[in-house]
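K.L.:
Right, I'll just put the structure down here and ask away after.
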Amino acid sequence: LRGVVVTTKSNLPTSISLWRKIVNKLMTILVIIAVVLAVIPLLLILGDVFVRGAPAISIGFLTHLPTAPNVPGGGIANAIVGTFTMVGIAALISVPIGVGAGIFFSEWATSKISTVSSFMNDVLTGFPSIVLGLFVFVIIILPTKQFSAFAGGIALSFVMLPIIARTTGESLKLVPMTLREASMALGIPRWKTVLRIVIGTGKNGLLTGILLAVARATGETAPILLTASTSIYFAKSIFQPTASLTVFIYNYATSPYASWQTQAWGAALVLILIMLGLNLLVKLTIGRNLTGTRLEL
Amino acid sequence: LRFRLPRGDTILKILLAAAALFIIGLVIGLAVELYLGSASSIFKFGPSFLVGSKWQPTNNVFNALPFIYGTLLTSAIAIVIGFPISLGIAIFISEKLKSHQTFGYLLGTIVDLLAAVPSVIYGLWGVFVLIPLLRDYVEKPLHNSLGFISLFSGHPFGYDFLTAGVILAIMIIPTMSAVSRDVLSVVPNSQREAMYSLGATDWEVTQKSVLPYAKSGLFGAFILGLGRAFGETMAVTMVIGNIPTISSSLFSPGATLSSIIANEFSESSGIFQSALIEIGLILFFVALLINGLARLLLWRMTRGTQVKA
């Protein structure tokens, strides 16, 4: 009997044929090639933006208004101000609504409104942003006949809203149920439990969502193109056409002038530094132990 | 006291429910307003808007087929290139790097950063770096050696379907690989162990037990990537040439649903503008369908595992 066991065991390792070993190695290599293929473009894009953008950047570039083609000294000051203005307006609108909806998704998860709304929210996250721009164009620009930072901000708020609602909902769901029960057991009403205990515990996730949404809005072009248009001056109010970094890059990159194209790379470097800064901040500090808070979802 | 406490709860619940209802209202509002904005085009052209191939703003004739074709072709190129690569990254991180969590996390972060790069910067890079690269090292050699195939005929100029598809592939890889990664990471280890105990190699474990288990979730990732490719605007607008064309050549300039809106909207008015808004309405319904489908698939996948865990 003992002999039988030994022979079965010794037969096992030889059962992996050469062919299966080759296929196994081949697939490992293919998988590694896939990783390399995905990382190369990222390095190329970042490298090119730094190498081509750096020469265009100077104090004057950041503080001056744009100039005509081939006139030196042009800058992106109004575009930087415009981008921050519109993202600011968007944040004012989308943060309260998004956080509110997110809390509802998490604390009243079984409600019918919650189910439908969070599904709609997920769908909205994947919407082409140009459709949101068209929507704002139809409801604001068509009646008022005036491109403005205000309309641009509203369009961006619709970009930010689903991201904030989703990350808020996801991160508050991670708050342990025992904390809510402990609070309620002390006789603290539910609204206070939600506002103090649940939000207090999950506030890092909330902040992550808001920062990710701000980063996303900062990099949006299409909705602003249709609603805020652009301008070569500082806007006197939020109800005037307003320049932004992204539309500046689009216009200058597609222009035939070499000096403008260089400035487009410079503006791209400024934009990418802002965006990567926000994203790395999220990744390295507070985003690490959270799941489901990725930018593109 | 007994009456005060429930009131606070009710007020909070109403406020929060209003925020949640706002999102539902927004989606409905989108559909209604885009319909109203495109009404004159819808009534003038009817269903022929979707099947005709003419786009002549000077004659007030507008059909969307060239853009539907452009969107489908560029998305198909993007998926063919992007999906296998994304799946490869997901397998590498979740299967090969299982015991090196930190490195896997780092690699995932690097790929995620690709998603953080704004569309317009992909476009800028596409115009000045990718177009010359593809034109001189891919399109011209292909055209010279295989030009008799209609796919590679025409004049390799750089501003064409192929470049747009390649840019899209780079842009959808982060989305698809991130979702695939999440899906593969929820496959229970018992699935893998069972396969290993039968003497399977690493690849056989991945191929025969991990991938089939994650099938519906991976399909969700595929659909989400497709959705992103369909809606992507600025980068495509900058590299595709923006000439409404239906051509079997990958080296032909074209236009997509979103690129034509971005490129022509500011110069449009009247029925022309209405037609562009109708294109937006088409995009809206396509996005609704694709994203809804993807979410349902992903929901089913993650809910299933939660029950098992």
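K.L.:
Can you tell which of B:VAL138, B:VAL239 is closer than 30 Å to B:LEU289 by Cβ and of a type in the set (Val, Ile, Thr)?
P.N.:
Sole residue among the options that is closer than 30 Å to B:LEU289 by Cβ and of a type in the set (Val, Ile, Thr): B:VAL239.
K.L.:
Another question, if that's okay. Filter the helices (runs of 4 or more DSSP H) completely within segment B:87-158 down to those with at least 1 residues that are closer than 30 Å to B:THR201 by Cβ, out of contact with any Ser or Thr (no Cβ under 7 Å at 6 or more places or on another chain) and at the interface with another protein chain (Cβ under 8 Å from one of its Cβ atoms).
P.N.:
Working: elements: B:101-116, B:119-125, B:131-134, B:140-146.
In segment B:87-158, B:101-116 are the helices (runs of 4 or more DSSP H) which contain 1 or more residues that are closer than 30 Å to B:THR201 by Cβ, out of contact with any Ser or Thr (no Cβ under 7 Å at 6 or more places or on another chain) and at the interface with another protein chain (Cβ under 8 Å from one of its Cβ atoms).
Matching residues to (1) more than 26 Å from B:SER119 (Cα to Cα); (2) among the aromatic types (Phe, Trp, Tyr); (3) modelled with pLDDT of 90 or more; (4) not in a helix (DSSP H, G or I):
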{"site": "A:LEU179", "(1), (2), (3), (4)": "yes, no, yes, no"}
{"site": "A:GLY205", "(1), (2), (3), (4)": "no, no, no, no"}
{"site": "A:ILE210", "(1), (2), (3), (4)": "no, no, yes, no"}
{"site": "A:VAL214", "(1), (2), (3), (4)": "no, no, yes, no"}
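K.L.:
Related question: Could you go through segment B:249-266 and let me know if any residue there is hydroxyl-bearing (Ser, Thr, Tyr), away from every other protein chain (no Cβ under 11 Å) and touching a residue at least 40 places away in the same chain (Cβ under 8 Å).
P.N.:
Yes, because at least one residue in segment B:249-266 is hydroxyl-bearing (Ser, Thr, Tyr), away from every other protein chain (no Cβ under 11 Å) and touching a residue at least 40 places away in the same chain (Cβ under 8 Å).
K.L.:
Counting just the residues of segment B:196-215 that are small (Gly, Ala, Ser) and surrounded by fewer than 17 Cβ atoms within 10 Å (Cβ to Cβ), which one comes out farthest from the other protein chains (Cβ to nearest Cβ)?
P.N.:
Applying the filter and picking the extreme gives B:SER197.
K.L.:
Whether any residue in segment B:60-83 is over 26 Å from the mean Cα position of the chain (by Cα) and surrounded by fewer than 17 Cβ atoms within 10 Å (Cβ to Cβ) is what I want to check.
P.N.:
yes
K.L.:
Filter segment A:114-143 for residues that are aromatic (Phe, Trp, Tyr) and in a helix (DSSP H, G or I) and give the result.
P.N.:
Hits for segment A:114-143 are A:PHE119, A:PHE135, A:PHE137.
K.L.:
A follow-up question, please. Kindly evaluate B:ALA90 against the criterion of being of a type outside the set (Asp, Glu) and more than 30 Å from A:LEU142 (Cβ to Cβ).
P.N.:
yes
K.L.:
Let me ask something else. Yes or no: A:GLY187 of a type in the set (Gly, Ala, Ser), more than 7 Å from chain B (Cβ to nearest Cβ) and in a loop (DSSP other than H, G, I, E, B)?
P.N.:
yes
K.L.:
Now for a different question. Just checking, does segment A:32-41 include any residue being in contact with a Lys or Arg (Cβ under 9 Å, 6 or more places away or on another chain) and under 27 Å from B:LEU211 (Cβ atoms)?
P.N.:
Start the filter on segment A:32-41 by keeping residues that are in contact with a Lys or Arg (Cβ under 9 Å, 6 or more places away or on another chain), which leaves A:32.
Okay, now just the ones that are also under 27 Å from B:LEU211 (Cβ atoms), so A:32.
Scanning segment A:32-41, I find at least one residue that is in contact with a Lys or Arg (Cβ under 9 Å, 6 or more places away or on another chain) and under 27 Å from B:LEU211 (Cβ atoms), so the answer is yes.
K.L.:
Which residue, of A:PRO96, A:PRO41, A:PRO66, A:PRO55, is surrounded by fewer than 22 Cβ atoms within 10 Å (Cβ to Cβ), more than 12 Å from chain B (Cβ to nearest Cβ) and of a type outside the set (Lys, Arg)?
P.N.:
A:PRO55
K.L.:
Additional query: Just to be sure before I move on: is B:MET171 more than 9 Å from chain A (Cβ to nearest Cβ) and closer than 21 Å to B:ASN291 by Cβ in the structure I sent?
P.N.:
yes
K.L.:
Tally up the residues in segment B:245-269 that are in contact with a Pro (Cβ under 7 Å, 6 or more places away or on another chain) and surrounded by fewer than 24 Cβ atoms within 10 Å (Cβ to Cβ), please.
P.N.:
The total comes to 2.
K.L.:
Could you give me the residue pairs with C-beta distances under 6 Å whose first residue belongs to segment A:153-166 and is closer than 18 Å to A:VAL247 by Cα, whose second residue is among the β-branched types (Val, Ile, Thr) wherever it lies, and which are 6+ apart or on separate chains?
P.N.:
The qualifying pairs are A:GLY153/A:ILE89; A:ILE154/A:VAL136; A:ALA155/A:VAL136; A:ALA155/A:THR227; A:SER157/A:ILE93.
K.L.:
What residue, among those in segment A:236-269 that are assigned to a loop (DSSP other than H, G, I, E, B) and among the aliphatic types (A, V, I, L, M), is surrounded by the most Cβ atoms within 10 Å (Cβ to Cβ)?
P.N.:
Restricting to residues being assigned to a loop (DSSP other than H, G, I, E, B) and among the aliphatic types (A, V, I, L, M), the top hit is A:ALA243.
K.L.:
Being under 26 Å from B:ILE110 (Cβ atoms), surrounded by fewer than 19 Cβ atoms within 10 Å (Cβ to Cβ) and either modelled with pLDDT under 95 or facing chain A (nearest Cβ under 8 Å) (or both) narrows it down to one residue among B:PHE285, B:PHE219; which is it?
P.N.:
B:PHE219
K.L.:
Do we have B:ILE240 as of a type outside the set (Ser, Thr, Tyr), buried (at least 24 other Cβ atoms within 10 Å of the Cβ), touching a Phe, Trp or Tyr at 6+ places or on another chain (Cβ under 8 Å) and within 11 Å of chain A (Cβ to nearest Cβ) here?
P.N.:
no
K.L.:
For the structure I just gave you, tell me whether A:ALA155 is part of a helix (DSSP H, G or I) and either at the interface with chain B (Cβ under 10 Å from one of its Cβ atoms) or farther than 24 Å from A:PHE84 by Cβ (or both).
P.N.:
Numbers: part of a helix (DSSP H, G or I): yes; either at the interface with chain B (Cβ under 10 Å from one of its Cβ atoms) or farther than 24 Å from A:PHE84 by Cβ (or both): no.
So A:ALA155 fails the test.
K.L.:
Give segment B:7-28 a look and list any residue that's more than 7 Å from chain A (Cβ to nearest Cβ) and modelled with pLDDT of 95 or more, or say none.
P.N.:
Those that are more than 7 Å from chain A (Cβ to nearest Cβ) and modelled with pLDDT of 95 or more: B:ALA18, B:GLY25, B:ILE28.
K.L.:
Ok, one more. Return the residue satisfying two criteria in turn: it lies in segment A:69-82 and is under 17 Å from A:TRP265 (Cβ atoms) and not small (Gly, Ala, Ser), and of such residues it is surrounded by the fewest Cβ atoms within 10 Å (Cβ to Cβ).
P.N.:
Filtering segment A:69-82 for residues that are under 17 Å from A:TRP265 (Cβ atoms) and not small (Gly, Ala, Ser), the one surrounded by the fewest Cβ atoms within 10 Å (Cβ to Cβ) comes out as A:PRO72.
K.L.:
Looking at this structure, is A:LEU124 modelled with pLDDT under 95, at the interface with another protein chain (Cβ under 9 Å from one of its Cβ atoms) and farther than 21 Å from A:GLY205 by Cα? Reasoning before the result, please.
P.N.:
On the way: modelled with pLDDT under 95: yes; at the interface with another protein chain (Cβ under 9 Å from one of its Cβ atoms): yes; farther than 21 Å from A:GLY205 by Cα: no.
No, not satisfied.
The values are calculated or read from the model by the stated rules, or taken from the named source; none is laboratory data. Here the structure is a predicted model, which means the values were calculated and not measured. A quick note on method: Cβ atoms are made from the backbone with ideal geometry, for glycine too, and the neighbour counts reach across all protein chains shown.
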